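Colleague: Before anything else, here's the structure in question.
The values are calculated or read from the model by the stated rules, or taken from the named source; none is laboratory data. The model shown is predicted, which means the values in this text are computed figures rather than measured ones. All Cβ positions, glycine included, derive from the backbone under ideal geometry; neighbour counts span all protein chains shown.
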Amino acid sequence: MIGFTEFLVSEKPGPLNAGQREFLANIHRGGQQLLRLTDDLLNFSRLGQQPLSRETVSVGTMVQEILHQLRDAEPHRNVELRISALPDARADPHSCGRCW
């Protein structure tokens with residue numbers, strides 16, 4: 001799907017009008033999102049096959065990292081979030097990665 005939309009956008013098969021370009025851009029974005037989702041699901045499924053190595057993890061730091069990722073992904077959104085002190089937790093920090 002991604003490759004075919006890229007081929008059509010290249011206009012090798014013929015010229016496109018603005019509406020067609022917009023539709024193809026939407027299809028391409030959807031394909032990219034589907035690819036990321038599939039990759040994330042595969043990574044998540046692999047976590048169940050690995051032994052856990054639990055240690056103390058700073059939940060507050062983890063929340064801050066997630067907020068930075070969300071702000072980077074949606075820089076045009078202006079969302080204010082207030083977080084009180086959070087306790088540490090026992091978890092496997094290596095399996096947390098992108099799965100939160």
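Colleague: With the structure loaded, tell me whether Ala89 is of a type in the set (Gly, Ala, Ser), out of contact with any strand residue (DSSP E or B) (no Cβ under 6 Å at 6 or more places or on another chain) and modelled with pLDDT of 90 or more or whether it fails that test. Steps first, answer last, please.
Modeller: On the way: of a type in the set (Gly, Ala, Ser): yes; out of contact with any strand residue (DSSP E or B) (no Cβ under 6 Å at 6 or more places or on another chain): no; modelled with pLDDT of 90 or more: yes.
For Ala89, the condition - of a type in the set (Gly, Ala, Ser), out of contact with any strand residue (DSSP E or B) (no Cβ under 6 Å at 6 or more places or on another chain) and modelled with pLDDT of 90 or more - is not met.
Colleague: Let me ask another. Take the residues in the range 1-59 that are part of a loop (DSSP other than H, G, I, E, B) and under 30 Å from Ile83 (Cβ atoms); name whichever of them is nearest to the chain's Cα centre (by Cα). Show your work before the answer.
Modeller: Taking the range 1-59 and keeping what is part of a loop (DSSP other than H, G, I, E, B), we get 1, 10-17, 48-54, 58.
Going one step further and asking which of them are under 30 Å from Ile83 (Cβ atoms), we end up with 48, 50, 52-54, 58.
Working: Gly48: 20, Gln50: 22, Leu52: 23, Ser53: 25, Arg54: 25, Ser58: 22 Å.
Ranking the qualifying residues of the range 1-59, first place goes to Gly48.
Colleague: Give just the number: which of (1) touching a strand residue (DSSP E or B) at 6+ places or on another chain (Cβ under 9 Å); (2) in contact (Cβ under 8 Å) with a residue 40 or more places away in the chain does Leu47 not satisfy?
Modeller: (1)
Colleague: Please work out if Glu80 is in a loop (DSSP other than H, G, I, E, B) and out of contact with any Cys (no Cβ under 7 Å at 6 or more places or on another chain).
Modeller: Numbers: in a loop (DSSP other than H, G, I, E, B): yes; out of contact with any Cys (no Cβ under 7 Å at 6 or more places or on another chain): yes.
Yes: the conditions hold for Glu80.
Colleague: Here's something else I'd like to know. Can you pull out every residue in the range 57-84 that is among the β-branched types (Val, Ile, Thr) and surrounded by 10 or more Cβ atoms within 10 Å (Cβ to Cβ)? If you could, list the steps in order and put the result at the bottom.
Modeller: The first filter runs over the range 57-84 and keeps only residues among the β-branched types (Val, Ile, Thr), leaving 57, 59, 61, 63, 66, 79, 83.
Across the range 57-84, the qualifying residues are Val57, Val59, Thr61, Val63, Ile66, Ile83.
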